[in-house]
Amino acid sequence: MLTGLIGQAAIRLLLVSVLAALAIHTLAACTGSRRWRTASRLAQGWVFLCAATASAALIRLLVTGDYTYPYVASYTGPGLPLVYRIAAFWGGNAGSLLFWSLVLTLYGAVVVGARHEDSERMLPIVSFVLSCITLFYALLLNLKANPFVRLDHPMPPSGLNPLLQNPGMTVHPVNLYLGYIGFAIPFAYAVAGLWLGRTDAVWLKVTRRWTLVSWLFLSIGIVYGAHWSYEELGWGGYWAWDPVENASLLPWLTATAFLHSAIVQEKRGLLKAWNVVLVSLTFLLTLFGTFLTRSGVLWSIHAFANAPLGVWFLSFLGVAAAVAAALIVWRWPALRANGRMEAVVSKESAFLLNNVLFLGSAFAVLWGTLFPVVSEALGGRRMMVDAPFYNTVNMPLAVCVLFLMGVGPLVAWRRASVQGVVRAVAVPLAVAALGGTATAAALEAVYHRWSLLGTLAVAAALFNLWTVAFEFVQGVRARMQMTGDGAWTCLVRLVSNQRRRYGGYLVHASVAVMAVGIAASGTCHLDAQVQLRPGESADIGAFHLTFTGMGVTPGTVSRDMYANLVVSSGGRTLGVLRPSATFYSDGQQPTTNVALYSRPMQDLYAVLLGTSPSQGDIAIFDLHVNPLVQWIWFGGYGLILGTLVSLWPERARRQAWSVTGVPSALEGLYQQMAELEYDWKMGKLDGDDYHRQKRALWTAARREEAVEAQLRARLERELQEAVRGARVGEG
């Protein structure tokens, strides 16, 4: 009981503390006082301490099983392993809101410890924005979803949903939350930059790692969620275009677009307004996704049951959108680009087209997700959108994105010639087309399925892999020529000196591997439902399955009914699959337990659907063969590795800084010259383009050097005059 009282007091104190923190952040931002700024940082730490205390109290109640608390009784029960008792913390609506508050306040406490250019002015505003978001969740915890409500007598425990008792569910939701919540940091910095009129790339540079970390967590959550769906739900697939699955994909798409367009702003000073819009849209889509899971507007197996919080989230979403839109309109004149696109054929244009494709896919997914609600509101009849709509719209866009991922590394910054690009892509594109056609022919020969779109996807993925390999090989070769070191030494130093670039290439290669798995498993998937008596057999793909009988595993809480299937192929016995169904004594809905024979080239997937009502010895099976589905999971691990390489800190380099706190115009020109030299050495430019751009950059650099020399001379004169004046005053 004491633990519950502590938790109750902690969420009450959380609300009061957030309100006090808002006042402190306001004073720190308005006065600029060092004392108030220190108080602002301490306030963020105190708010986190309140959320952590409440979270620790709830976890203790879940672990000890105090069933006088309805939340504990609803998500735990006797015999539940410790790991799932802890997972129940975020397994229910009220607990997940508290977990959200915990992570958000932790992020806020970490952010206020940052030191960067103009941090003294920006951090109080960033803290204010984060505290406004925390206030919303604190209000929900205190008014609508309090996990510390207590009854006079214990209530019968319901136990955690059996579908959630999977190791993947200890990873999937946590990573989704970490990703969703993390996007509040770039949004808060964008708001701070707009409020202060800092529309340069400072906020992008400060939040790059936050954005990438949040994107990584969201990616892990999506991949693990797909893996959980594949192994646990028993329908033979991994992505059903479920509304909540779509809600996690939407911010991932816009965040991916933002990560690419942010590079353009950092390198060339372009797309300022576009980046602010993208980061705001990504944050708003995280709120939209949370709204879908807690409103009951759309049914989903992933949504929280009995969670009438839709009006609250919709209202908060509207307020956040209005504030972001108002700030963008207010600062629109200051969001003009520093330059312009110099050519249609350039890396900048490729990034922009990449963004258009990602945004087009996001719009299609959003429209398909909301269409049932819109159709019901306008016509009085709810019309559902199925997977074929999403696949028809998004798969061609995905093929185009894959193709651009391959072209992008081969195109130079600023300006490239059409002939040069065609010359660079001709051979790898031809090889990729042949490879895609051969792969499609091999799959068609085995599975008797073929798709033009699937063939194009495989070809585009192979093209992407070729260009990534080309970048590594060319980079190592150039370094070997300059240094004379061995290939392995040059590779390690190449990646370590340009981790962001080559980590990104690893991510691209991993996405290409995943695309091959998605294309093959989607195009050549085989499925069949069969009814078998003991001793009877069935064939699917290259597999021959013989049903040998059924059995029951008794238990006090549940019992398993299983079937034995002997699997063979080409006359060789591969093993025994044992699909089963679990029945629960407390009346919960039975669950299926998938049996998998999994290999890198294909998966055999068996589900026991039940027995024939009239003839109990007949078992009904749902069988699937999924080619190359394991490549999706392998690619997911590669994506994690590549992102970690990009995140690994590089050695600090000296830069010339202007009085505004960003790299000076001269330093920016030097960086562009370095990129030009890199593109020249990598063979992305012909001689005429290289020399023309080099002359233009050198001319601009000399002009900036003259401007800076004049400014330096003026400052020196003013300083000397000030020193002489001070001496005269002393005399």
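Quick rundown of the values:
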{"item": "Qualifying positions in the stretch 32-50 - farther than 12 Å from Gly108 by Cα and either outside the structural domain of Ala109 (by TED's automatic domain parsing) or of a type outside the set (S, T, N, Q) (or both)", "result": "Gly32, Arg34, Arg35, Trp36, Arg37, Ala39, Cys50"}
{"item": "Residues of the stretch 549-581 that turn out to be in a loop (DSSP other than H, G, I, E, B) and at pLDDT below 85, as a count", "result": "4"}
{"item": "Options Val129, Val149: the member that is buried (at least 22 other Cβ atoms within 10 Å of the Cβ) and touching a residue at least 24 places away in the same chain (Cβ under 8 Å)", "result": "Val129"}
{"item": "Tally of residues being part of a loop (DSSP other than H, G, I, E, B) and either not β-branched (Val, Ile, Thr) or not assigned by TED's automatic domain parsing to the domain that holds Ala255 (or both) across the stretch 182-241", "result": "14"}
{"item": "Sole residue being buried (at least 22 other Cβ atoms within 10 Å of the Cβ), under 11 Å from the mean Cα position of the chain (by Cα) and not acidic (Asp, Glu), chosen from Ser261, Ser229, Ser214", "result": "Ser214"}
{"item": "Matching residues, the stretch 348-392, being part of a helix (DSSP H, G or I), under 17 Å from Trp239 (Cα atoms) and not polar (S, T, N, Q)", "result": "Ala362, Ala364, Val365, Leu366, Gly368, Ala387, Pro388, Phe389, Tyr390"}
{"item": "Selection count where residues are under 18 Å from Val276 (Cβ atoms) and either without any contact (Cβ under 8 Å) to a residue 40 or more places away in the chain or within 19 Å of the chain's Cα centre (by Cα) (or both), scope the stretch 334-353", "result": "1"}
{"item": "Count of residues meeting criterion [in a helix (DSSP H, G or I) and touching a residue at least 60 places away in the same chain (Cβ under 8 Å)] in the stretch 322-333", "result": "5"}
{"item": "Any hit, the stretch 35-56, residues being in contact with a Lys or Arg (Cβ under 8 Å, 6 or more places away or on another chain) and either buried (at least 23 other Cβ atoms within 10 Å of the Cβ) or farther than 30 Å from His172 by Cβ (or both)", "result": "no"}
{"item": "Test: residue in the stretch 403-418 that is in a helix (DSSP H, G or I), within 23 Å of Arg501 (Cβ to Cβ), more than 27 Å from the chain's Cα centre (by Cα) and not polar (S, T, N, Q)", "result": "no"}
{"item": "Hey, Val427 within 24 Å of Gly504 (Cα to Cα), modelled with pLDDT of 85 or more and surrounded by fewer than 14 Cβ atoms within 10 Å (Cβ to Cβ) or not", "result": "yes"}
{"item": "Subset of the stretch 530-548 (residues that are assigned to a loop (DSSP other than H, G, I, E, B), surrounded by 14 or more Cβ atoms within 10 Å (Cβ to Cβ) and out of contact with any helix residue (DSSP H, G or I) (no Cβ under 8 Å at 6 or more places or on another chain))", "result": "Pro534, Glu536"}
{"item": "The lone exception for Asp118 - which of (1) surrounded by fewer than 21 Cβ atoms within 10 Å (Cβ to Cβ); (2) within 30 Å of Trp203 (Cα to Cα); (3) at pLDDT 90 or above; (4) not small (Gly, Ala, Ser) it fails", "result": "(3)"}
{"item": "Filtered residues of the stretch 409-424 (kept if surrounded by fewer than 19 Cβ atoms within 10 Å (Cβ to Cβ) and of a type in the set (A, V, I, L, M, F, W, C))", "result": "Val418, Val421, Val422"}
{"item": "Every residue from the stretch 551-579 that is crowded, with 17+ Cβ neighbours inside 10 Å and under 20 Å from Gly535 (Cβ atoms)", "result": "Met561, Tyr562, Ala563, Asn564, Leu565, Val567, Leu577, Pro579"}
{"item": "Condition met for Ala469 (closer than 30 Å to Ala226 by Cα, crowded, with 16+ Cβ neighbours inside 10 Å and hydrophobic (A, V, I, L, M, F, W, C))", "result": "no"}
{"item": "In the stretch 518-529, residue nearest to Asn391 (Cα to Cα) [restricted to those that are of a type outside the set (D, E, K, R) and surrounded by fewer than 17 Cβ atoms within 10 Å (Cβ to Cβ)]", "result": "Ala528"}
{"item": "Tally of residues being free of Cβ contacts under 8 Å to residues at least 60 places away in the same chain, surrounded by 18 or more Cβ atoms within 10 Å (Cβ to Cβ) and closer than 26 Å to Val458 by Cα across the stretch 582-630", "result": "2"}
{"item": "Residues located in the stretch 167-185, provided they are surrounded by fewer than 19 Cβ atoms within 10 Å (Cβ to Cβ) and among the polar types (S, T, N, Q)", "result": "Thr170"}
{"item": "Cβ-Cβ under 7 Å pairs, at least 6 apart or on other chains, the stretch 54-68 side under 22 Å from Ser17 (Cα atoms), far side in a loop (DSSP other than H, G, I, E, B) and not hydroxyl-bearing (Ser, Thr, Tyr)", "result": "Leu58/Pro147"}
{"item": "Selection count where residues are small (Gly, Ala, Ser) and touching a Lys or Arg at 6+ places or on another chain (Cβ under 9 Å), scope the stretch 557-591", "result": "2"}
{"item": "Spans of helices (runs of 4 or more DSSP H) in the stretch 1-92 with at least 3 residues more than 30 Å from Ser558 (Cα to Cα)", "result": "2-31, 34-64"}
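The values are calculated or read from the model by the stated rules, or taken from the named source; none is laboratory data. Values in this document were obtained by computation on a predicted structure and should not be read as measured data. Heads up, the Cβs are rebuilt from the backbone with ideal geometry, glycines too, and the neighbour counts pull from every protein chain shown.
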